[in-house]
Amino acid sequence: MTTEIQINKPTEVNTNIGKPISRVDARLKVTGAAHYAAEFSFKNIAHAVLVKSTIAKGRIINIDTSVAENTPGVLTVITHLNAPRLNPHDDRGFVQIKPGEKFVPLQSDEIHYDGQNIGVVVAETYEAACYAATLVRVTYEQEQPVTSIEQGLSNAYQPSIFYGEELQVQRGDVNNALQNSEVKVEATYTTPIEHNNPLEPSASIAVWNGDNLTIHDSTQWVLGTRQVVAETLGIPNESVHIISPFVGGGFGCKGWTWWHPILAAIAARKVGRPVKLALKRQDMFNSCGFRPATVQEITLGATRDGKLTATRHVTTTHTSEVDENTEPCGITTRMLYACPNLEVTHNLVEVNTITPTAMRAPGESPGTFALESAMDELAYKLGIDPVELRLINHADINPQTEMPWSSKHLKECYQMGAERFGWSRRNPTPRSMEDGDYLIGWGVATATYPGYRSPSSAKAQIFADGHAVVSAATHDIGTGMYTIMSQIAADALGLPVKQIVVRLGDSSLPVAPLAGGSQSAASVGPAVQGAAEELRRKMIRFAVTDSSSPLFEVDEERITVENGRLEIKGEPNRSDTYIDILQRRDIPMVEVEAEANLASKEIEEASNKAVKLCAGSMEERLKPRSSVRLCVGRDENADMQKFAFQSFGAQFIEVRVHKRLGRVQVSRVVSAIDAGRILNHKTARSQIMGGVIMGMGMALMEETVVDEETGRLVVRNLADYHVPVHADMGNIEVLFTDIPDPHISLLGARGVGEIGITGVAAAIANAIYHATGKRIRELPITPDKLL
């Protein structure tokens, strides 16, 4: 019999959630004690280096590895001629598994893109492997690659779905509405190829123990990686163990499983030793995907008083010829503003590159650049303040689904952002504000990102010395997950944060989803809260059913817990402690495993049914170990059908443009965000700041250049791929509405990992127009475009 525990109110003791507590893992990181994937040590470890193609399309006629194989220290060279057969994959979607691309390397002589993996050199040392990789001689039969959207445009097609979201959308009659619109704006906006470039390059260490495989991997999804590795190698899921306690950023490129962990595994199997495969920075440009270039045609129609009557958004972007991935720029346009007539179209072109992947706010980042730039152009054409224009077109419900928002406070974001920024002092005339050699411009744009959540589980344990451990197979990719899990568990258990130990980044832990889509707080957080709440109740039951306890036969509802001490409300002299309760029962540890968001059959199958359900008897619930299925206050699947979950915000930005040099400085940012309840103001602020800074790079610097003739990357290192550094950043102020979303979960929190980047590029472009009178619709906005 399955018992569902209904949690109808939040934790009584709530002193940690929301506080700007410093990261609990900070000392480990600054002292070097936090081990990342490439930093684990193993006896007799060998080193692997990738051999990559130097053409973008064709096939291998001959690959000569003899010189490399005879180089001192080289153990083996693996190519398509001697590699084991690997299983291909189908695409089963967001909640199960997804390889970075379906094309499996080292299985044929075909070449589909520059930098394709065509070999692996394994040697005693990294240096020997690097040198030997340069000695592999490859002869190609080369074909002319398709290298750009323009070249492949004649074969463009229209994809239908992006992870359940419709990509081709129409409502109303756009053509008629545009024909009758009193004011129209029509423009084309372009964004280039951008690369994720996390601080930590991807790396894997593969270790075989008989038929069991352990991989230390830099991944955003240990369970997804486990499944892809197992299926590719044709071994049982339970034979693969993925460990990833610390991840040095990912921004999406570590969300799906790329091929380095699998290549490390087959190399380790072949040499019979642990093998480390650590990607170089240059490898990151053609091993883990990227954000594709986009061409976006926006047409807006409006009345003279600013009410939108028609919106058309046509996106053309590119994927690879071996798999499909769409940059869904128009999905935000469907719902951001109230507009009766809308047409959103996505066109896809196959080119000879590695398959694109998710990069922070995929779709929303480039999509808001185009839409919010067009809204600014419309505001100037109408002579209406840009903030006022957005308020006029505020969507009170989701215009596409006609569902009410689960929680929306965008108007408050406009108001408090404008007040803090001083927007009322803005002279609306372009090129009207200056300071010496600099033109000053102010811009604004709306920020938005969906409020995702997925089924998740967590385990909570209390030990005889009074400390607690909470665990889940989720990740801290730099976002602060260790810290917010500590805060949630501390409040639920009535313990200080310092007595909470968090375990994550391990595929043997309770099921959790991909650490992407800004969903971890809303997914794993309720599971942690639920497990810890039930563990606290279990400890209270132990006390009230124990004749030796001062709390024997006391009504459970009268008992509170603080600092590990159980007390009766109004009778502080009668108390018990977690430590004493366990000592009297001679129990070393008590645990509860809980499941939140009503896990689906799919995720249970993907995790080998790791979430067990407990029997409903009191005897079972008094056992030291038990598992519960949690329904956190409501039928959450029903809520997903009743409400639209979305976070919103407003980006206010000031730029300084040098009159003669065209150099742009972002001198001031106010980012006002509505993302539900904020679980930790310090880590959340850091996330928004990071997104804003990444948006600066998108607007002003980031661009990967491809040689249009050969299809080879021209930019493939951080010397040429420019990202913002401290000297590029002005003052960034982050404001939160901090109003809980009552339908996302009882915690009321939506994620903040991605919304910070959205709208930033548009706000900068709009500010540059205000400063200079020049409307730049092509990113990045480099000085040459302003001279």
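Between segment 261-332 and segment 534-582, what is the C-alpha centre distance in whole Å? Comparing the Cα centres of segment 261-332 and segment 534-582, I get a distance of 53 Å. Across segment 572-580, coupling constants 3J(HN,Hα) worked out from phi with the 6.51/-1.76/1.60 Karplus curve, θ = phi - 60°, read x, 6, 9, 8, 9, 10, 3, 4, 5 Hz, and Gly and Pro carry x.
Please give the solvent-accessible surface of residue 19 in Å², to the nearest 10, using a probe radius of 1.4 Å with every protein chain present. Ignoring ligands and nucleic acids, residue 19 comes out at about 100 Å². Accessible surface for the chain, divided over its residues, is 36 Å² per residue with a 1.4 Å probe. The accessible area of residue 140, taken with all protein chains in place and a 1.4 Å probe, comes to roughly 50 Å². Radius of gyration over Kirkwood radius for segment 380-475, both on Cα atoms: the Rg/Rh ratio is 1.24. Here's how it looks for residue 278: its modeled amide H is under 5 Å from those of 48, 204, which are all 5 or more places away or on a different chain. Summarising the amide proton neighbourhood of residue 566: residues at separation of 5 or more, or on other chains, whose placed amide H is nearer than 5 Å comprise 576, 577, 578.
Cross-link partners of residue 408 among aspartates and glutamates, defined as those whose alpha carbon lies under 13 angstrom from its own and excluding same-chain residues fewer than eight positions apart: 396, 674, 738, 741. Calculated FRET efficiency, residue 497 to residue 541, Cβ-Cβ distance, R0 = 22 Å: about 0.30 to the nearest 0.05. Less than 13 Å Cβ to Cβ from residue 44, Lys/Arg counted +1 and Asp/Glu -1: what total charge do the surrounding residues give? Cβ neighbours under 13 Å give a net charge of +2. For segment 45-123 and segment 361-377, what is the separation of their Cα centres, given in Å? Measuring centre to centre over Cα atoms gives 38 Å. In this structure, the amide hydrogen of residue 241, modeled 1.01 Å from its nitrogen in the peptide plane, lies closer than 5 angstrom to those of 213, 214, 215, counting only residues at least 5 positions away or on a different chain. On the beta carbon distance between residue 30 and residue 424, with R0 = 41 Å, the FRET formula returns roughly 0.45.
Express the C-alpha Rg of segment 655-722 as a ratio against the empirical globular expectation 2.2 N^0.38 Å, rounded to two decimals. Walk me through the numbers on the way to the answer.
Working: Rg = 17.1 Å, N = 68, 2.2 N^0.38 = 10.9 Å.
Relative to the 2.2 N^0.38 Å estimate, segment 655-722 comes out at 1.56.
For residue 147, the solvent-accessible surface computed with a 1.4 Å probe is close to 20 Å², ligands and nucleic acids excluded.
With only alpha-carbon pairs counted, each pair once and no self-pairs, how large is the Kirkwood hydrodynamic radius of segment 713-787 in angstroms? Don't skip to the end; give the middle numbers.
Numbers: mean 1/r = 0.0619 Å⁻¹.
It works out to 16.2 Å.
Solvent-free Debye calculation, one equal scatterer per alpha-carbon of segment 44-185: log10 I(q)/I(0) at 0.13 Å⁻¹ equals -0.77.
The largest accessible area among 726, 313 belongs to the first residue in 726, 313, and the rest follow in falling order (1.4 Å probe, all chains).
Kirkwood hydrodynamic radius for segment 269-336: how many Å is it when counted over pairs of different Cα atoms? Kindly include the intermediate steps, with their values, before the conclusion.
Numbers: mean 1/r = 0.0611 Å⁻¹.
Hydrodynamic radius (Kirkwood, Cα only) of segment 269-336 equals 16.4 Å.
The stretch between residue 22 and residue 557 holds 189.3 nm of extra length on full extension. This uses 0.36 nm per residue minus the Cα-Cα distance. Taken one residue at a time, the phi angles of segment 116-125 give Karplus couplings (6.51, -1.76, 1.60, θ = phi - 60°) of 4, 5, 10, x, 9, 9, 10, 9, 5, 10 Hz. Gly and Pro are set to x. For segment 308-313, the Karplus equation 6.51 cos²θ - 1.76 cosθ + 1.60, evaluated at θ = phi - 60°, returns couplings of 5, 10, 7, 9, 10, 9 Hz by residue, with Gly and Pro reported as x.
Applying 1/(1 + (r/R0)^6) with r as the Cβ-Cβ distance of residue 658 and residue 402 and R0 = 51 angstrom yields a FRET efficiency of 0.60. Inter-part distance, segment 677-702 to segment 453-490, computed on C-alpha centroids, equals 24 Å. The stretch between residue 465 and residue 42 holds 149.0 nm of extra length on full extension. This uses 0.36 nm per residue minus the Cα-Cα distance.
Near residue 410: Cβ cut-off under 9 Å, other residues only, Lys/Arg at +1 and Asp/Glu at -1. The net charge is +1.
Excluding same-chain neighbours fewer than eight residues apart, the aspartates and glutamates reachable from residue 459 by a Cα-Cα span under 14 Å are 506, 533, 534, 591, 593, 595. Here the chain has 49 percent of its accessible surface on carbon and sulfur atoms, given a 1.4 Å probe and all protein chains in place.
Once the chain from residue 187 to residue 171 is taken as fully extended at 0.36 nm per residue, the excess over their C-alpha distance is 3.6 nm. Cross-link candidates for residue 276: which lysines have Cα within less than 30 Å, leaving aside residues fewer than 8 places away along the same chain? By straight Cα distance, residue 276 reaches 29, 43, 52, 57, 98, 102, 254. Give me D for segment 100-184 in µm² s⁻¹, whole number, from Stokes-Einstein with Rh from the Kirkwood sum over alpha-carbon pairs, 10 °C and 1.306 mPa s. D, rounded to a whole number, is 84 µm²/s.
Here the Kirkwood formula puts the hydrodynamic radius of the chain at 27.7 Å, using every distinct Cα pair.
The values are calculated or read from the model by the stated rules, or taken from the named source; none is laboratory data. Everything quoted here is computed from the prediction, not taken from an experiment. Don't worry about glycine lacking a Cβ; one is built from the backbone with ideal geometry, like all the others, and counts go over all protein chains shown. SASA here: full protein model, heavy atoms, side chains in, ligands and nucleic acids out. Shrake-Rupley method; radii C 1.70, N 1.55, O 1.52, S 1.80 Å.
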